[in-house]
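Inspection log for the structure reproduced underneath, given as structure tokens.
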Amino acid sequence: MSKRDCLIVLVVLTAWMVGLRFAVAVDQQPNRRGQLKTPCMVLDSPAPYAETNIMVYQGDRLYVAGDDQVVRSWIVQDGVIDRASLKTYRWPNWREQRGTIRALAVSPDGKRLAIAGFGLLPGLVFEVSIETAEVLRSTADSKNFDHAIDVLQYDAAGRLYVGTMGGQLGVLDDPQVANWTPLRPPQDAATANRGVVGIFPQGSGCDVLLASGDRIGYRRDGSESAASKFTKDGYSVWKTASVATSNGWIVAALEESNDRSSQRVRVVDLQTSREVYRRSFAVKGDTAEMPIGLSLSGDGKNLMVTSQSSSPRDGYPLVVHGQLVVIDIGERRDVYSSALTEPSGQCCFVGSGDFVAVASGPPFAIRCLKSTRAETTSEIESPGQAIFGVGFSDAGDEILWQTERLQEDRSWSRLSTGLVTSFSTSSRRLIQGNHPSIPALLTSLNGWTLARADQVGGLPGGRAKLRLEFYVTHSSGVKWRIHLDEETDGFFNAVTFIPSVNPAITKIAVAHRWGVSVYEFSQTSQPRRVRLMIGHQGETLSVAPNRQGTLLLTGGADGTIACFSLAPWEFHSELGVAFQQQGQDVVVDHVDAGSPGWWADLKPNDRVEKIWLDAQPILNRSEWLDAVSRRLEPGKYLEMYVGRDGTRLPIKTSMKQRPLWKLRAVDDDWVIWRWADYFYDCSVAGDTLIGWQINVGLNETPRMVKAEQNRRNYHRPDKLQDLFAKSQADPVRVSASFLVAPKVALDLEKVDGGYNATARLASPEEAALCEDPAELSLWLDDHRLAQWRYPQSPYAKKIFISEAILREGRNQLIARAYTQQGVRGDSDARVLAGPAGTEPRLFALAIGINEYSKLAPSGSDRSGDLTSLNYATRDAMAFEMVMASQQKGFAQVATVPLFNDQAKRDEILRYFQTMREWLKPNDQMVLFFAGHGYAKREGGSYIPSTLTLITSDTQIDALESTGVPFARSTGSSSGGINAFTLFDAIANLKCRKLVILDACHSGGATEFIRSLTPDLNVGPTVMVAAQGNEKAWESKQKLHGIYSYSIVKSLTEDFGRADVDQDGKLSALEMHQYSLASVPVLLDNLLSSDAQQRFTQTPALFAPSGETRRPLFNPSLPRVPYIAPD
């Protein structure tokens, strides 16, 4: 869908909002402020994951914003985007993530950034500090603007001009005040085409360009100073770019003919009204080219235009490519043009004009190129890929998807191609390539088939009926048209019938830009929309039902997959609420959990006081029960005031349905979460992909809390298992205060011999929405320096950090706090230290336990988890021999092997005390454990907090019955080393740490990793043999566990192959990459072809940033050590 189409959508929506204000004189309708503090789970991405609407370059920074409602900026120098310079700026958004940022402006002094678009309230502008990202002022309390904002422009004095899509115009004169001076009155829906598309400050006022082509001058006192026509030949303007030169404004405009048959770009000298350049874009046969973005160089001499070309294939417009052209305006020639592999979007010149930046996608990316030739100098891509095809496996327990658009041979039934990725909801495994394709969409059912629209052709992006309507035809000759609204639905991308046990009623699901619509119809009744589902930020690209027709999957351009229930609500087919008449009152009787009524916050015993249906008031109380009980159309608004406990509350719902759960996968990481109450499960680092945005207030900076900051409360695999089993949610309402992270500040002062570090925790009175603090700790890299418990005061703690405990090179100092609810907050600083002067020392503790049968709980169904192992001691012996040979590169090497009965809990912890006394900051500790891990289970899933390494003296019966040893303590009467104990022991070491676990026989390895590294950038580097519910296998042929064998082999005979960068040393990442490649091969050699389809083993790695690539080990033994069989 084009940006012009987005503009049409937003004009209609904002015009509708304006209509609300005048619908009823006696009572104002409910607004959306009630949704303000509802936490919103969003993707946490270093690059845009939805369409970019605006790009601005000023100073040395590139600012980018769009449908994901986040402004990102990077320093760009010589065409290179500095990834480390990323800054993000947020503004309030809806729980459903609707809305978009359409306008940005940077103040002349480079200190303020203005942000606006279509948000929680019409006319909402945020002005934030570029340095701190904190909100300086907002227009939330202003009453002057009722439309979405499309244009922001500072003048030379720092005054901010604002133009809306409804033709309103205003200026913020005083940087300290958020009140508008309106210059142009609001327009009604009939004149919405007169929306502001350009503002050009001049002297005591500004020139304004309207979409209709009118050009009007205004003074800041509100008077009109001039009026003329910018266009005079049947064209309207929908986008502008401008630059102020010494001779006045140069304006470039994208224009569209009134019959929508052609597009053009014109460049005009605003001072003289002289046209200096024109270029037309029109349909050429079956192929059409549509301009999307434009930009002028700083001197006004060059123009850049991006466009998209598309052509129809079997009823679908096919995006062929994007196009970029740079034009010398004076010479009227193309400097160069370049075809882009992805659809192109917005653009801007960078720096002095030697480089350009272009947004493209999906897949979404920001790319810098030279302005004189098609040479890419740098780019930033969004993690993950758009989901062009999605489906269930035949058994229904796997989610399948493809991330490539099928360019040729597209049909109703197949729209995607490429590698199929699958995710098992039972084993929580992410696998690529084990399915040849995803199931085809259902294109016929119950005698019905799909047929393309009668009319085809038109402009690209599906602007004609081609993508707005299609037909369902019955074998009996009945033919029904299904038509989408261009403004509120957008164009359709995929269509499928939904399996049903009732052949008399047929249902069809249509994935379109703004969601998914479900229609039902029969031979005697026309299609009627019965559900409108929303769950993606940006465009919905794909859809598929399960075999039973009870669930619906959707895939989005944002790279997420959503799952919706198709089960009917118990009390109302669309709203999910039962009302009853009590005398003259209408009262809520029951609310289905998770229904649109539940999301609107309706509760039993609420008493209706006012009602509007689709913006029309129902004044007769006798009609209220019928109004709320009849079949309502999803997408139309039901608004009311209800009385509850003596309070009058606004209720507003458009009866849109939310997902049961959502899935996001990037490379080897994944996270799946319940939409309603945020409980999630994930891979080792999957919860770094998402987080909560919490809107503290419309005049305050939104908070972003990453999911991993609240892992203690919301990482609940059992909650996901329950949802998968029931295919329906029993959601819990979540308060924002349970999610907000504590505010922490860290200050460093250089003094003789070290640093004074002050960690300050905001008191409960200072921290809005945040719960009381529970603890504060100070870390130096992965070494815990100090820890304090709360509640207590003062809230500031100061300690001295000696230079003697700093590691060579970069050191990260982290102040870390937790609330009483377990939410984490951080602040960090970096300190550089010089060379250590001496080589580091190595201490390796190698533990291997074979004998477990005597530890198994008598009569327990868990005894199968603790069968004796065959080669764990051999694994530990081989690893200890390899470590003992690491003399080169280490000043001293000490290795300690502990096998079977030697590996008692207290003995292992005693060696940790030895390491604490012996090892220095630049030394290296390695812990190798081959044996069993253990954990309690609930609902078929492990309880993360109960994970433990089973030592030779562990009393399993006591662990199962009491669970006491799993508590966070240093003592245990039942043996075993739980993850918290191991974490505390490792955190007390000053040195660098590497933990290698060939453990967790039944697949608890992933949870053990995160128990040892509960917070990002704190904790050891951890490598484990398997993920999720995978088993760690042993090989009779190799006489080793296959993971341990691959690790030892990478350090010995395959060192040269594992040393990817050929620097003569192996890093943890290189060891992990070698095992990722070799373990599946070793496993396939063990298993039959049938078993190979059912079992996988995928090693995992988790580490603080930067540690995985640090060189660790030298070549040692020439081959894997031979150890004679027992």
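No lab work stands behind these numbers, since they all come straight from the coordinates. Because the structure is a prediction, the values reported are computed rather than measured. All Cβ positions, glycine included, derive from the backbone under ideal geometry; neighbour counts span all protein chains shown.
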At R0 = 30 Å, FRET efficiency that the Cβ-Cβ distance of residue 381 and residue 275 yields, to 0.05:
0.20
Report the Cα-based extents of the range 744-828 along its three principal axes, largest first, to the nearest Å.
39, 21, 18
Please work out whether the range 577-654 counts as rounded, prolate or oblate from its C-alpha gyration tensor, where a ≥ b ≥ c are the square roots of the eigenvalues and a/c under 1.5 means rounded, while otherwise a/b larger than b/c means prolate and anything else oblate?
rounded
Counting other C-beta atoms within 10 Å, which of 1054, 67, 781 has the fewest, and how do the rest follow?
1054, 781, 67
Lysines whose Cα lies under 19 Å from that of residue 1031, excluding same-chain neighbours fewer than 8 positions away
936
Please go through the range 676-739 and write out the trypsin sites (Lys or Arg not before Pro) that DSSP classes as loop and that have at most 12 other C-beta atoms within 10 Å.
733
Inter-part distance where the range 866-934 and the range 498-514 are each reduced to a Cα centre, Å:
60 Å
How many Lys pairs in the range 561-681 lie less than 24 angstrom apart by Cα atoms, where the lysines are 8 or more positions apart or on different chains?
8
Work out the charge dipole of the range 389-565 with +1 on the Cβ of Lys and Arg and -1 on the Cβ of Asp and Glu about the Cα centre, then indicate which of 484, 419, 522 is farthest towards its positive end.
522
Taking 0.36 nm per residue of separation between residue 622 and residue 547 and subtracting their Cα-Cα distance, the length gained on full extension comes to 22.6 nm
Please compute the volume of the convex hull spanned by the alpha-carbon atoms of the range 249-381 and report it per residue in Å³.
109 Å³
Cβ-defined net charge surrounding residue 1025, 12 Å radius [Lys, Arg +1; Asp, Glu -1]:
-3
Listed here are the pairs 750/798; 920/1065; 111/706; which of them are more than 23 Å apart at the Cα?
111/706
Work out how far the C-alpha atoms of the range 356-458 reach from end to end along every principal axis, then list the three figures in whole Å, largest first.
58, 47, 16
As computed over the range 389-565, the Cα convex hull volume per residue (Å³)
119 Å³
Amide N of the range 779-821 lying under 13 Å from the label point, which is placed 7 angstrom from the Cα of residue 712 along Cα→Cβ:
788-791, 816-821
Where a Cα-Cα gap under 20 Å defines reach, which lysines qualify for residue 1036, not counting those fewer than 8 residues away within the same chain?
1049
Assigning unit charges at the beta carbon (Lys, Arg +1; Asp, Glu -1) and nothing else, what dipole magnitude in debye, to the nearest 20, does the range 249-381 show about its Cα centre?
280 debye
Leaving out same-chain residues fewer than 8 places away, which lysines sit with a Cα under 21 Å from that of residue 479?
465, 507
Which order do 680, 49, 911, 519 fall in if you start with the one that has the fewest other Cβ atoms within 10 Å?
911, 519, 680, 49
Sorted by chain and number, the residues with a modelled amide H under 5 Å from that of residue 530, at a separation of 5 or more or across chains, are 518, 519, 520
Backbone HN-Hα couplings from phi across the range 628-641 [Karplus 6.51/-1.76/1.60, Hz, Gly and Pro as x]:
8, 9, 5, 6, 9, 8, x, x, 8, 8, 10, 10, 7, 10
Can you sort 427, 476, 444, 416 from fewest to most other Cβ atoms within 10 Å of each residue's own Cβ?
476, 444, 427, 416
